[in-house]
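Written below as structure tokens is the structure these notes are about.
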Amino acid sequence: MGEFGHDDGSWAVTRFFRDEVFDAQKLPSNLGVLYGVGVFAGAVYFLEHYAELLVQ
């Protein structure tokens, strides 16, 4: 038996994505976090490139 009781022969990163990111019960929350990060990144991009439109 592998470390922490996993004996499926998969890598730790693969197990993490399968168990924590793509799990059906956690997917709506993870998509919400992804949406929030995307909005934040979009706001940073907008402010970096178009800040002069906000300040006159």
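Figures for the structure shown
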read-out	value
222 nm mean residue ellipticity, helices alone, for the chain (DSSP H n ≥ 4; -39,500 (n - 2.57); rounded to 500)	-17000 deg cm²/dmol
Choice from Val39, Val21, Val13 showing the highest fluctuation, given a GNM over the chain with Cα pairs closer than 10 Å	Val13
Per-residue ³J(HN,Hα) for the stretch 49-55, Karplus 6.51 cos²θ - 1.76 cosθ + 1.60, θ = phi - 60°, Hz, x for Gly and Pro	9, 10, 5, 5, 6, 8, 10
³J(HN,Hα) computed for each position of the stretch 18-34 - Karplus, 6.51 cos²θ - 1.76 cosθ + 1.60, integer Hz, glycine/proline x	5, 7, 10, 9, 9, 5, 4, 6, 9, 4, x, 5, 5, 5, x, 5, 4
Prolate/oblate/rounded label for the chain (Cα gyration tensor, a/c 1.5)	prolate
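Since every read-out is calculated from the coordinates, none of them should be taken as a lab result. Predicted, not measured: the structure shown is a model, and the values here were computed from it.
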